[in-house]
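**Q** Take a look at the following structure, please.
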Protein chains: 2
Amino acid sequence: MTELFPEYTECGSEFSAVDISSFGIRDGISETIVSTGLEHPNAAPIGIIIKGGRPFVRLFKGSHTWANVLKEKYLAANIVYNSLLFVRSTFFDLEPSEFDYVPVRGLSFPILKEAAAWVIFECINVKNTDQALVADLVPIEAGFNEANRKDLPVPNRGFNAVLEATVHATRYQLSGDEKYLELIRHYETLASKCGGENEKKAMKLLYKVLEL
Amino acid sequence: MTELFPEYTECGSEFSAVDISSFGIRDGISETIVSTGLEHPNAAPIGIIIKGGRPFVRLFKGSHTWANVLKEKYLAANIVYNSLLFVRSTFFDLEPSEFDYVPVRGLSFPILKEAAAWVIFECINVKNTDQALVADLVPIEAGFNEANRKDLPVPNRGFNAVLEATVHATRYQLSGDEKYLELIRHYETLASKCGGENEKKAMKLLYKVLEL
């Protein structure tokens, strides 16, 4: 079948028509904003992991994303270049108006309007433990949003610093360990020096959330 | 003139036909690989700075990029998503075969074949001090390389970690301060955990250069 349809990509245990690398999801951990929830759309930053050609995800117990995936077995990975949206979706619910809906397998699945691209995955081989859920991902539908693609993204240490600060902020909230505050302050300096307006807004919001 | 030609963007003190934000160069510091040198093409990672709508660059004295810009007053900012190329162009000369040449103002200017996009700037108001050269940048020609754009880039903490490690490696080489080694080791862990094959190769090369 692979020879007859060379454009098809093997994903997990099934063949899929979606070449996810074209949509930015490649080897390593791709930092996306995952949308879930057929009834109440939700969004949160989640890393899509590919190791040895196998795409999978690890979701910590108790989150909305975890509950939605456990119940509905689907998620959409949104490729987003807006650092403020990473911070907002980490700590707050996005507005219903920030979601679009795409038809897939008779469902109307929520994706983010701000995404440059999105890939909807079916979650299979779901393993739910005390701490987290792990699921293999089979891409079933994907698309680009050309309007959001027109401005090419460029490596920016300020944007990257916001991602790092957000990771450390969630760890600080969980543990209260002050070593994370030191890291967050380091990344705030970098975001301020190398970032644009959006990175400054993102760090301001993050500081407000942490009451710094 | 702006009203007659709304697609024109004011850059520095001149009007230019190139909207550099479409090519990824925006507010803050855009991490590009700059190519220079009409006779002997050279490439090195350089941040293109935009503050208050003014694009400019700061080049440390003694580098090939500094010498070429001082002499020829042009540089090309290449948007590159390959972390290994950032490390290679920091510490080594690239191969002549890695450059393409584009015609601009009767010159044949070197750009990188690997670039997803490139912007050629004229360097004006060049101020050369004891330590560095600062020049305003007027975009005069730009282009996309559609073949390199087909795979969408996605935020990846491993890619970002390679950039940070490279910055700290150059500081370590200049100062010998061991605090940089600690940072480099932190980013190596991150590149290994979150990056793909390219990030692993990039960090391996960086460690080799630093004899770690």
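The values are calculated or read from the model by the stated rules, or taken from the named source; none is laboratory data. Keep in mind the model is a prediction, meaning the values are calculated, not measured. All Cβ positions, glycine included, derive from the backbone under ideal geometry; neighbour counts span all protein chains shown.
**Q** Could you tell me how many of the residues in segment A:160-171 are touching an Asp or Glu at 6+ places or on another chain (Cβ under 8 Å) and more than 11 Å from A:Glu188 (Cβ to Cβ)?
**A** Residues that pass the stated criteria total 3.
**Q** Moving to a separate point now. Taking into account only those residues within segment A:162-176 that are of a type in the set (A, V, I, L, M) and in contact (Cβ under 8 Å) with a residue 40 or more places away in the chain, which is farthest from the other protein chains (Cβ to nearest Cβ)?
**A** A:Ala169
**Q** Are any of the residues in segment A:92-108 surrounded by 24 or more Cβ atoms within 10 Å (Cβ to Cβ), in contact with a strand residue (DSSP E or B) (Cβ under 9 Å, 6 or more places away or on another chain) and at negative phi?
**A** For segment A:92-108, residues surrounded by 24 or more Cβ atoms within 10 Å (Cβ to Cβ), in contact with a strand residue (DSSP E or B) (Cβ under 9 Å, 6 or more places away or on another chain) and at negative phi: absent.
**Q** Another question about this same structure. Which condition number does B:Lys71 fail, the rest of (1) modelled with pLDDT under 95; (2) assigned to a helix (DSSP H, G or I); (3) surrounded by fewer than 14 Cβ atoms within 10 Å (Cβ to Cβ) being met?
**A** (1)
Residue-wise test of (1) within 14 Å of chain A (Cβ to nearest Cβ); (2) surrounded by fewer than 18 Cβ atoms within 10 Å (Cβ to Cβ); (3) among the β-branched types (Val, Ile, Thr).
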site: B:Glu39; (1), (2), (3): no, yes, no
site: B:Ile48; (1), (2), (3): yes, no, yes
site: B:Pro55; (1), (2), (3): yes, no, no
site: B:Gly62; (1), (2), (3): no, yes, no
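**Q** May I ask you to verify whether A:Leu183 is within 14 Å of chain B (Cβ to nearest Cβ), more than 28 Å from B:Ala115 (Cβ to Cβ) and free of Cβ contacts under 8 Å to residues at least 24 places away in the same chain?
**A** In short, yes.
**Q** Right, another one. So which residues in segment B:199-211 are assigned to a helix (DSSP H, G or I), touching a helix residue (DSSP H, G or I) at 6+ places or on another chain (Cβ under 8 Å) and either more than 8 Å from every other protein chain (Cβ to nearest Cβ) or at pLDDT below 95 (or both), if there are any at all?
**A** B:Lys200, B:Lys201, B:Ala202, B:Met203, B:Leu205, B:Leu206, B:Tyr207, B:Val209
**Q** Let me ask something additional. At pLDDT below 95, under 28 Å from B:Lys200 (Cα atoms) and more than 10 Å from chain B (Cβ to nearest Cβ) - does that describe any residue in segment A:78-91?
**A** No, segment A:78-91 contains no residue that is at pLDDT below 95, under 28 Å from B:Lys200 (Cα atoms) and more than 10 Å from chain B (Cβ to nearest Cβ).
**Q** Out of everything in segment A:86-115 that is aliphatic (A, V, I, L, M) and in contact (Cβ under 8 Å) with a residue 60 or more places away in the chain, what residue ends up being farthest from A:Ala191 (Cα to Cα)?
**A** The selected residue is A:Leu107.
Listed here are the residues, each with its yes/no results for (1) of a type in the set (Ser, Thr, Tyr); (2) part of a strand (DSSP E or B); (3) within 19 Å of B:Leu137 (Cβ to Cβ).
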{"residue": "B:Val18", "(1), (2), (3)": "no, no, yes"}
{"residue": "B:Ile33", "(1), (2), (3)": "no, yes, yes"}
{"residue": "B:Gly47", "(1), (2), (3)": "no, yes, yes"}
{"residue": "B:Pro55", "(1), (2), (3)": "no, yes, yes"}
{"residue": "B:Arg58", "(1), (2), (3)": "no, yes, yes"}
{"residue": "B:Trp66", "(1), (2), (3)": "no, no, yes"}
{"residue": "B:Arg88", "(1), (2), (3)": "no, no, no"}
{"residue": "B:Ile111", "(1), (2), (3)": "no, yes, yes"}
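**Q** Here's another thing I want to ask about it. What are the residues in segment B:126-177 that are surrounded by 15 or more Cβ atoms within 10 Å (Cβ to Cβ), touching a Lys or Arg at 6+ places or on another chain (Cβ under 9 Å) and of a type in the set (S, T, N, Q), if any?
**A** The answer is B:Asn145, B:Asn148, B:Asn156, B:Asn160.
**Q** Any residue in segment B:141-157 that is part of a helix (DSSP H, G or I) and over 20 Å from B:Gly196 (Cβ atoms)?
**A** Looking through segment B:141-157, at least one residue is part of a helix (DSSP H, G or I) and over 20 Å from B:Gly196 (Cβ atoms).
**Q** Looking at A:Lys71, is it farther than 29 Å from B:Ile25 by Cβ, of a type in the set (Lys, Arg) and free of Cβ contacts under 8 Å to residues at least 12 places away in the same chain?
**A** yes
**Q** When A:Glu141 is evaluated against the numbered criteria (1) more than 23 Å from A:Leu205 (Cβ to Cβ); (2) within 11 Å of another protein chain (Cβ to nearest Cβ); (3) at pLDDT 95 or above, which criterion, by number, is the only one it fails?
**A** A:Glu141 satisfies every listed condition except (2).
**Q** Given the conditions (1) in a loop (DSSP other than H, G, I, E, B); (2) of a type outside the set (A, V, I, L, M, F, W, C); (3) touching a Ser or Thr at 6+ places or on another chain (Cβ under 9 Å), which single one is not true for A:Tyr81?
**A** With respect to (1) in a loop (DSSP other than H, G, I, E, B); (2) of a type outside the set (A, V, I, L, M, F, W, C); (3) touching a Ser or Thr at 6+ places or on another chain (Cβ under 9 Å), A:Tyr81 is out only on (3).
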